[in-house]
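Comments concern the structure below.
The values are calculated or read from the model by the stated rules, or taken from the named source; none is laboratory data. Keep in mind the model is a prediction, meaning the values are calculated, not measured. Cβ sites come from the backbone with ideal geometry, for glycine too, and all protein chains shown count toward neighbours.
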Amino acid sequence: MNLKTFLRRAIRIVLPLGLGCILLWYLYQGQDLAEMMRIVKTGVRYDIILYSLLFGLGANTVRGFRWGLLIDSLGKKVRRINTVLAVFGNYAINMALPRVGEIWRCGIISKYEKVPFSKLLGTLFIDRVMDTLVVGILTLCVAIFNISFFNRYFTDHPEFLTGIKGFFTSVWIYVALAVGAVCLWLTFTKLNHLAFVQRFRMLLLNVWEGVRSLWKMEHKMRFFLHTVMIWGGYFLYFYITFYAFDFTRDLGPRIGLITFTMSSVAVAVPIQGGIGVWHFAVISTLICFGVSESDAAAFALVVYTVQSVLCSVSAGLAGILALPVINRKK
């Protein structure tokens, strides 16, 4: 690996992680650390948090089964143990390299199940589109039925609206889209005879074949049922932790759903495990519902550390190590 490649990869890892850590430092640098440590040591029912892990592990297991349905529709039956373990490994790798876990899980299934990598990318695209659709529906429902919360939230955090407005009103966004469209048109019409263009065209066709797998799937109802089970599991994974703290125990499922939705939107940011961004979304939402800042900060610290760092990484590493053992004959 030459120096240029090394620096590029290092920046891709260090920059998002650095931004997340800076945000994390900003959130916690003014907190009463003594009070937070008191809550962490004596104010948490860790048995309840450990119980919540069952729902997260169950949801990710179902996600592996759902992805298997998409791959099966390509005409290749894959072992579900491989897709489940690949999904677990996906989340562990994302904790170190944002969004690299998705590429890794396609590569590992391609290796062991002999399915073209580009077609697996298409199935992964459908997998992520469904998640985005679910989060979008949740956000829309929460926004419609909780207008007062969002009015208060954006009043307290006007930088969000400023950022969104700036994105859609920037002329450079539309210039970049126009230039990209022109470049693609020229590439596929004037340079179609070049070998790299033909390979890229074949890659796009294979990805599209993977995307079409949803329409060719035999068990569409099972796919949507799995989607409901995944997100129901994720919600319980998060909401059950409310009962581990005295200050969130009585907030109820409505506030739990709002906080869960805000945290789900936050993890879309390409930072390792959503670190910092997830904390900000959870803390700021809980504060809107009367939880003190130090209590909210302690809640986010404990829940994220146990669920995302300890559980996801441990389960993911176990999956990564188990895959070559299970497939040793291949």
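Values computed for the structure shown
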| quantity | calculated |
| --- | --- |
| Boolean, Val303 is of a type in the set (A, V, I, L, M), farther than 16 Å from Ile49 by Cα and buried (at least 20 other Cβ atoms within 10 Å of the Cβ) | no |
| Residues (surrounded by fewer than 22 Cβ atoms within 10 Å (Cβ to Cβ) and under 20 Å from Met36 (Cβ atoms)) located in the range 239-276 | Tyr243, Asp246, Phe247, Arg249, Leu251 |
| Number of positions in the range 44-77 that are in contact (Cβ under 8 Å) with a residue 40 or more places away in the chain and either within 19 Å of the chain's Cα centre (by Cα) or crowded, with 18+ Cβ neighbours inside 10 Å (or both) | 21 |
| Any hit, the range 265-280, residues being touching a Lys or Arg at 6+ places or on another chain (Cβ under 8 Å) and not small (Gly, Ala, Ser) | yes |
| Residue in the range 4-26 that is assigned to a helix (DSSP H, G or I), farther than 19 Å from Val306 by Cα and modelled with pLDDT of 90 or more present | no |
